[in-house]
Amino acid sequence: MKVLIALYFFILAIIQMGLFFGIYHYFRSQDSVKPNPYWMSSLLASMLALFIFGAGIVTVDDIANPAFNFTIGNSLFYLAAVLQALFCHSLNRPVSKAQKVGFAFSAVIFLLIFEWMRNASNFEIRTGFMCVLASIFYVWQIYEVRKKRNMEPSSQLAYLQYASSAELFFAIGRFVILVISSLTIRHIDQIPQVLILFTITQLVMNTLSYIAIGSYWAEQIAKSNARSQLENEEIKTLLQERESLIASLLRANKTASTGALSASIAHELNQPLGASSLNIQFLQKKLAEGELNPVLQKEILDTLLFDNQRAAAIIKSLRSIFSDESLSPAKINVGELIQSVLSITKPEITSKKIQVALRLENGLVAIANPGEMRQVLLNLINNAIQSLATSSAVNKQITIEGKHLHNGFIQVVIADNGAGVSEEAQRHLFELLSSTKQSGMGLGLWLCKHIVTRHGGSIAYESNEGGGAKFVFDLPI
């Protein structure tokens, strides 16, 4: 009989040990939902108690006066019941520090009381005492689980509630059997078969409750992963919408930046086109009169070609600004980009009597998207032109510098000797929809910062030493 009962305890202990180690590494590897320490500790305490009881039953002779290891085993069972109840409590609210200290102190008190009972009482009293304590914890456990299920339906919590209810039933059944049997039990062979059955079944239900808790946490992990996947999809959608919005802002800013120059650009295009028209009429006249000699013919054709190339260069520069190029960065010659933007702004610069000073080092190559960098340069040069247009300075000048830095970057400086930017406006200079001009959308400088930062660079405003504004931006080589 002793070997058979001990075998039951060992089998349940091995099952709980397999459950413990099987879930430990799985739950520890999860970042979203960590295993509850009360549950894991309760399972460990229960497993150790089963092993101690199994070993103790094999060696015990007088069950009325067992060895000290039964005190250790029952204390571990008490600790497992406390921790499992605290786990259920933690489903609804955090366990307070006072509760932790109180139950830790109660475990010490239990050990002392049970050790006294081991020496001063019999098997029936000790077993009845354990049944009463276990029933109290089961009732508390069922109450907390039911409360949690009302707020958050869960099939696994339902299984835990059923298992706990079964544990309560068999604990009360053991107590009733002890009361009505009126036996004095001194040896294991004297224990009623029905009491053994109820005891083993209670422990089986206890093991099932741990399995239900493990399944509950697996359920929580599945829900967390589903939420994370949904959130990732939402974030992906928001990022796509953000990129679409920024692309729309880029197009709007292109239109606004070149719109201010449209009259001067039209005037600049009219000059080569008008000259070409006059030369063509002159050529037709000479052909009709038969007075066209090779020298004059070459002169007229060279003039036509020059005017055509001049108009084509202006159109090409405009197309480069408005074209939607790939966002993939590539090696670009920043000096050539600056020249192409100046070809667009040249009419406005000339009409405003602005001098441009270029100080560019050779080989200014950076990794960037050429279309977006043209827009940055156009915004900054256009801002300088508008600032100088209202300036009272006699010698209006825009200075553009480009040089290599020692940290693997190139630096571009665009400065003017206009009125500059007030200290108050400098605080919000690169913010969206913030503008220091009477007209404009407040997109230009924000987009400049967005583009430069996305390319791994930085942009800043500095006050010009001779008065005016200075914008400095760096790009990686």
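The values are calculated or read from the model by the stated rules, or taken from the named source; none is laboratory data. Keep in mind the model is a prediction, meaning the values are calculated, not measured. Using ideal geometry, Cβ is built from the backbone for each residue, glycine included, and neighbour counts are taken over all protein chains shown. We work out accessible area using only protein heavy atoms, side chains counted, and drop any ligands, DNA or RNA first. Shrake-Rupley method; radii C 1.70, N 1.55, O 1.52, S 1.80 Å.
For segment 146-166 versus segment 388-419, the spacing of their alpha-carbon centroids is 72 Å. Relative contact order for segment 59-137: 49 percent, from Cα pairs under 8 Å spaced at least 6 residues apart, divided by residue count.
The residues packed around L230, meaning those with a beta-carbon under 14 Å from its beta-carbon, carry a net charge of 0 if Lys and Arg are +1 and Asp and Glu are -1. Coupling constants for segment 44-56 follow from the phi torsions by the Karplus curve (6.51 cos²θ - 1.76 cosθ + 1.60, θ = phi - 60°), and in residue order they are 5, 5, 5, 4, 5, 4, 5, 5, 5, 5, x, 5, x Hz; glycine and proline get x.
For the peptides 366-377, 292-303, 194-205, 229-240, what is the packing order when you average, over each peptide's residues, the other Cβ atoms within 10 Å and list the highest mean first? List each step's numbers first, then the result.
Values: 366-377: 22.1, 292-303: 12.0, 194-205: 18.0, 229-240: 10.0.
My ranking of the peptides, most packed first, is 366-377, 194-205, 292-303, 229-240.
Rolling a 1.4 Å probe across the protein heavy atoms gives segment 68-174 an accessible surface of 46 Å² per residue. Packing, as the average of other Cβ atoms within 10 Å across residues, places the peptides 115-128, 38-51 in the order 38-51, 115-128, highest first. Charged neighbours of A134, selected by a Cβ distance under 13 Å, balance to +1 (K, R count +1; D, E count -1).
Quick one: net charge around T399, please, counting Lys, Arg +1 and Asp, Glu -1 for every other residue with C-beta under 12 Å from its C-beta.
On the way: positive: R359, K396, K470; negative: E401, D416, E465.
Net local charge, T399 excluded: 0.
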